[in-house]
Structure formats: C-alpha cells, structure tokens
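Enquirer: Would you mind keeping the following structure in view while I ask a few things?
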Amino acid sequence: MPHLLRTFRFWIGLILGLAAALLYGWVLQPVRVDTSLISLRQDYRTDYVLMVAEAYGGEGELSLAVQRLAALGPETPAQYVDAAIAYASDQAFAVDDLERLSRLARDLQSAPPTPAASSP
Amino acid sequence: MNRGPWPLLVGLLLGVVGGLTYAWAIDPVKFVGSSPAALPSDVQADYLTLIASAYAATGDLPRAQARLGLFPGPNAAETLGALAQARLASGRPPSEAHALALLAADLGVRPSPPPGLTPRAATGAPTASPTITRTPTTRPSPTVTLTPGAPFQVDRRELECDAALRVPRIRLLVLDAAGQGVPRIEVLVLWDNGQDHFYTGLKPELGSGYGDFTMSEGVTYTVRLAESGALVTGLETEPCLDDAGGVYPGSWWLVFVQPPPP
C-alpha cells in the first residue's frame, strides 16, 4: 500500500507540474521564436511586397528585390509576389500599386534563376 | 516507510521541467498575424529601411508616414536618422543610408498626414489592406540632388566652448541662398587614416540643414561637402575652460552658405 500511495503522489505531482508548465510556457510566457517576417499578417506581408516593388521601381535592382523577398520565408520570391497580387486585387488596391506588383512579378519570371539570399 | 511529500515534489519537478521543455523548445507557440512592431529589432531595421527605399522611389510621404505609424516611438525622424548613421557605420550600401536620410529629413520639414490616411492595420482592426490608395508621385531617381544654384561656400568657422556639449563635435549648418536649411547634403569627414560621411537633416529638431560628427582628441579633420567641394581643413579639438577652471575639449561650428544669385 505505501508503494501505491507513493506512486499515486508521484503521478499527481507530475500531472500538476506538466499542466502548470504548459500553461506558463504556452499561454502566460510563450517564447517568441517565430517573430520574423514570415509571421506577418497577410495585409502587412502584402504591403511589404508592395514596398519591395516600389523600391524596385526606383532602384531597378532585381537581385536586391529578390533578396528582400527571400527574407519573407521559404517560398520563392515569385510566389510571394503572386500572393500579394491576389490579395491586392481582392482588396481593390490602387491600379498603380497593382502595376508595380505585376511588373515585379513579370521581371522575376523573365530573370534567370538566382540563389536566394538569406537576409534582406 | 512513509517518505512524506517527496514523491509528489519529485513528480511536480519532473512535470515542470518536462512541460517547459516541451512548451518552449519542442513545440513553442507559433505566432502568426504579427504586426511589424512585433518584429525583432534587426528585422525592424530592415523593414524601416525598406519603407525609406520605397519612399525614395515614389516620393509618397503620406504613405511612408502611415507605414512608419505601425512602429511605436515618439520621433520617427530621429529613429530613421540614427538608423541611417548605423547603416553607414556598418558598411551597408550608401543608397540605404541615403534613403533613410531622405525620409528623415522630409519628415522633419513637412507636415504630418491627415488622420484619415492612417492605415486601418495600425489601429489594430482585424482588416485588411493598407487603405492608402493615392497614386504615388514618381521621383526619377533616389540620388542626392543639391539645391540648384551656386556651390556652397564656407561662411563661418568658430570654436565653440560650451560645457553642455559633453563630447567634442564638428557641428555644421548648410543654408541655401534664402537662408533656409538644406537637408540631405552629404558631408565627408576625412582624417589621416580614415574617413566617414553623414547627411544634414538627420536631426530635424536642430534644423533641416544641421549635421554633426563626434571628434576624437588628437585627430585633425577635414570637412567637405560631397558635391560642392566646400572645404574646411585643420579641425581638431581645442581646449576650453569651464567656470571652475577645468579644461574640456571644445567643438567646432561651421556654416556653409550658398551665395545669392548675381
């Protein structure tokens, strides 16, 4: 019987500790490991791509635009631009903005493939 | 034998350690739907630089201001100015620093946008796209453009003995022919074994044509406006006396002025 009691107390402690730790680690004090550009909300991510397109319109450096888009995450730069165009069309962005995005998408498609850089 | 609360405590300890390991390392919370303000500081710096680069290309100040409004902070111009200096110092492309300097200077001399242009996203509303749909005005190129007219000339060169300036600086002001401060002027600072550069207008609270550079004692500096050639040589810290008779290094005050057209 004492052995069973000890085992019961051990499991009760383990379950309580586990529950408290998960509550603390997931809800009260979650560790922020994923606050990179990939975590941006869709509207912010679209605006980020639009900024890249705007800057590309002035700078004309496709490699720099690719580098900036690569910072968004693991997908290809063209995929991010396509997603931005879809969102911008859906949200009725200004025609000029859509044209900028389309130009960037077009230039990305016509450019030879380059290895994506890891930082903007 | 009764071991009291030890089994409970051991279980509790193991549960806490295991739970925290799982919650923080094995399967941490994945944040989605973040705003730019939640990004780490280095990513924020890249984001701000991109805002400035987009502004340099489009010249759309209200849109740039709306984007900057996503970041908390009392003075965006100061933040951008400091970021421009940091990027220059870290060897990033000068075009980045120029774009940041351009936006910082323009924020310092132009009015804020009307409240209606604040993006919905900045207010925490669950929508949507940036609401600004103004057609950006095209700016042909982000290169530095000087105020048209005659080249700048050195108008004043004075040693400043001001104990309030805790570190010696080369402080300068660039004025156009009308006496207005000129932002975005690139200033080169050269010394025996090095050189640096900065832009006017990064501290708009001190004037749109103002810029400064921290001096080191025992070093002789030459200051030149990058594209006009105006030159001041032989600048080094000079001793000044405070009220208590103590010695501190003085600063230099330079004024460059564009002569009025004939």
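Enquirer: Check whether at least one residue in segment A:41-58 is out of contact with any helix residue (DSSP H, G or I) (no Cβ under 8 Å at 6 or more places or on another chain) and of a type outside the set (Lys, Arg), and report yes or no.
Expert: No, that holds for no residue.
Enquirer: So, in segment A:50-82, how many residues would count as being among the small types (Gly, Ala, Ser) and under 23 Å from B:Pro40 (Cβ atoms)?
Expert: Looking only at that region, the number is 5.
Enquirer: Kindly evaluate B:Ala226 against the criterion of being over 20 Å from B:Leu80 (Cα atoms) and more than 20 Å from the chain's Cα centre (by Cα).
Expert: In short, no.
Enquirer: Just to be sure I understand, how many residues within segment B:29-75 are surrounded by fewer than 16 Cβ atoms within 10 Å (Cβ to Cβ), among the aliphatic types (A, V, I, L, M) and more than 7 Å from chain A (Cβ to nearest Cβ)?
Expert: Looking only at that region, the number is 1.
Enquirer: How many residues, within segment A:48-70, are of a type in the set (Gly, Ala, Ser), surrounded by fewer than 23 Cβ atoms within 10 Å (Cβ to Cβ) and either closer than 23 Å to B:Gln44 by Cβ or more than 9 Å from chain B (Cβ to nearest Cβ) (or both)?
Expert: Here the count works out to 4.
Enquirer: While we're looking at this one, here's another question. Which of (1) within 7 Å of another protein chain (Cβ to nearest Cβ); (2) within 20 Å of the chain's Cα centre (by Cα) is the odd one out, the single condition A:Ile15 does not satisfy?
Expert: Failing condition for A:Ile15: (2).
Enquirer: State which residue is modelled with the lowest pLDDT when the search covers only segment B:195-231 and only residues that are loosely packed, with under 14 Cβ neighbours inside 10 Å and on the phi > 0 side of the Ramachandran plot.
Expert: Among those residues, the one meeting the criterion is B:Gly229.
The values are calculated or read from the model by the stated rules, or taken from the named source; none is laboratory data. Everything numeric in this text was worked out from a predicted model, so none of it was measured. Note: ideal-geometry Cβ built from the backbone for every residue, glycine included; neighbour counts use all protein chains shown.
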